[in-house]
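Enquirer: Next up is a structure, given as structure tokens.
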Amino acid sequence: MPLIHVEDRAAPLAAEEGETILAALKRHGLPAAYSCEAGNCGTCKVEYLGGEIFELDHSEYALSPALRAKNIVLACRTQVWGDVAIRQIDADELVEHPSRLLTTRVVALDAPAHDVRRLQLAIRAGGPFDFSAGQYARLEFARGIARDYSMANAPGDELLEFHVRLTGGEGSRFVAERLAVGDQVIVEGPKGASYWRERHRGPMLLVAGGTGLAPMLSIARAALAAGRTEPMRLYFGVRAERDVYMEDALAELAARHPNFAFEIVLSDPADAASRRTGLVTAAVAQDWPSFAGCKAYVAGPPPMVAAATALLTSRGLPLRDLHADAFITEAERAALAAA
């Protein structure tokens, strides 16, 4: 029977031949960062120190060749076939919250952008709902229609807030065409490991693409409400002016907290733009010559997350200080799984 030696843990873990590292960690009750469990999101990265493994197919958005060259593997896609040694990247900072199944009611539904719907939900049963800023939950709108969305509110807020991008999928179509104030929504969570590391003291970089703004807004709201005074900069990348949303909320945070600033970057403006233009990662690269002492949080489309990851790690940001969540549509998830 193979053994998994986890650095800084005295006793090795017994694994079955062909079992994934993540499955073994979960079976033994060890805290582990993970999300999709299908090689699509990249949350479950660990450092491979040696041993006999076999790596299953995965998305390059989840693990780039550059990171794999640094002996980083995905725990959910790495099978154990002999004794193996690994190092968990930030196991000392992992937080676990009880999983809840909440019954909620829609109390507000609006359209802050042409392709975004903002939901505000009141918990009616199943609470309390404890989570860390930056996590997400699974929302079930009707039987068989469920989708993962990040909380945009801070933990402890009275209402849960979610931003739904209208991608044309079954879930977003339901929200756009059928969901109404007063309807019931089942919320299951929290999930995800790309959340605010509260013990960190130092600058914070938040990079959002599209509705990746939701978890970044949650992190900013939570950290500022907790009284953090370290510099915090949020970059929000969208295609054009009509895609910008929640600017008033960001401006309000900046007005009340001098350590918080934000930048909206348009990648493909339809007309001459008064805002900064280009890729959001290029703006980050221009403004941040050094990421020393920084924690970075990234959420949005997989290409943006991959570009941000490449930029940050190439400039010396340790992987343990980078927390990224690629937003994958149901269609993309199915295509990746089939591949």
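The values are calculated or read from the model by the stated rules, or taken from the named source; none is laboratory data. These numbers were taken from a predicted model, which means no experiment stands behind them. FYI the Cβ positions are ideal-geometry reconstructions off the backbone, even for glycines, and counts take in every protein chain you see.
Enquirer: Scan region 148-167 and tell me whether some residue there is within 19 Å of the chain's Cα centre (by Cα) and over 16 Å from ARG118 (Cα atoms).
Expert: Pass one, region 148-167, residues within 19 Å of the chain's Cα centre (by Cα): 148-155, 160-167.
Retained after the next criterion (residues that are over 16 Å from ARG118 (Cα atoms)): 155.
Within region 148-167, one or more residues are within 19 Å of the chain's Cα centre (by Cα) and over 16 Å from ARG118 (Cα atoms).
Enquirer: Just wondering, is there one or more residues in region 199-216 that are crowded, with 16+ Cβ neighbours inside 10 Å, among the polar types (S, T, N, Q) and part of a strand (DSSP E or B)? Full working, then the answer.
Expert: Taking region 199-216 and keeping what is crowded, with 16+ Cβ neighbours inside 10 Å, we get 200, 203-216.
Imposing the further condition that a residue be among the polar types (S, T, N, Q) reduces the set to 211.
Now drop any that are not part of a strand (DSSP E or B), which leaves none.
The answer is no; no qualifying residue exists.
Enquirer: Just give me the residues in region 244-303 being more than 23 Å from the chain's Cα centre (by Cα), of a type in the set (S, T, N, Q) and part of a helix (DSSP H, G or I), in sequence order.
Expert: Passing the criteria: only GLN286.
Enquirer: Still on this structure, I have one more. Quick check: is even one residue across region 56-63 touching a Phe, Trp or Tyr at 6+ places or on another chain (Cβ under 6 Å), without any contact (Cβ under 8 Å) to a residue 40 or more places away in the chain and outside the structural domain of TYR245 (by TED's automatic domain parsing)?
Expert: The initial filter retains those residues of region 56-63 that are touching a Phe, Trp or Tyr at 6+ places or on another chain (Cβ under 6 Å), namely none.
Within region 56-63, not a single residue is touching a Phe, Trp or Tyr at 6+ places or on another chain (Cβ under 6 Å), without any contact (Cβ under 8 Å) to a residue 40 or more places away in the chain and outside the structural domain of TYR245 (by TED's automatic domain parsing).
Enquirer: Among residues belonging to region 1-25 that are in a loop (DSSP other than H, G, I, E, B) and not charged (D, E, K, R), point out the one that is nearest to GLY39 (Cα to Cα).
Expert: First, pick out the residues of region 1-25 that are in a loop (DSSP other than H, G, I, E, B): 1-2, 7-12, 15-19.
Filter once more, keeping what is not charged (D, E, K, R): 1-2, 10-12, 15, 18.
Values: MET1: 25, PRO2: 23, ALA10: 29, ALA11: 28, PRO12: 25, ALA15: 20, GLY18: 16 Å.
Among residues in region 1-25 that are in a loop (DSSP other than H, G, I, E, B) and not charged (D, E, K, R), the one nearest to GLY39 (Cα to Cα) is GLY18.
Enquirer: If LEU22 satisfies all but one of (1) surrounded by fewer than 18 Cβ atoms within 10 Å (Cβ to Cβ); (2) more than 18 Å from LEU322 (Cα to Cα), what's the number of the condition it fails?
Expert: LEU22 satisfies all of (1) surrounded by fewer than 18 Cβ atoms within 10 Å (Cβ to Cβ); (2) more than 18 Å from LEU322 (Cα to Cα) except (1).
Enquirer: Just to be sure, is ARG201 modelled with pLDDT under 95, over 23 Å from ALA38 (Cβ atoms) and not β-branched (Val, Ile, Thr)?
Expert: Numbers: modelled with pLDDT under 95: yes; over 23 Å from ALA38 (Cβ atoms): yes; not β-branched (Val, Ile, Thr): yes.
For ARG201, the condition - modelled with pLDDT under 95, over 23 Å from ALA38 (Cβ atoms) and not β-branched (Val, Ile, Thr) - is met.
Enquirer: Might you check whether a residue that is over 23 Å from LEU317 (Cβ atoms), out of contact with any Phe, Trp or Tyr (no Cβ under 8 Å at 6 or more places or on another chain) and surrounded by fewer than 22 Cβ atoms within 10 Å (Cβ to Cβ) occurs anywhere in region 40-53?
Expert: There is at least one residue in region 40-53 that is over 23 Å from LEU317 (Cβ atoms), out of contact with any Phe, Trp or Tyr (no Cβ under 8 Å at 6 or more places or on another chain) and surrounded by fewer than 22 Cβ atoms within 10 Å (Cβ to Cβ).
Enquirer: Additional query: Kindly state which strands (runs of 3 or more DSSP E) lie completely within region 40-144 and contain at least 1 residues that are more than 17 Å from the chain's Cα centre (by Cα) and among the small types (Gly, Ala, Ser). Give the steps one after another, and end with the answer.
Expert: Working: elements: 45-55, 72-74, 78-88, 100-113, 116-125, 136-142.
The strands (runs of 3 or more DSSP E) meeting that bar are 45-55, 78-88, 100-113, 116-125, 136-142.
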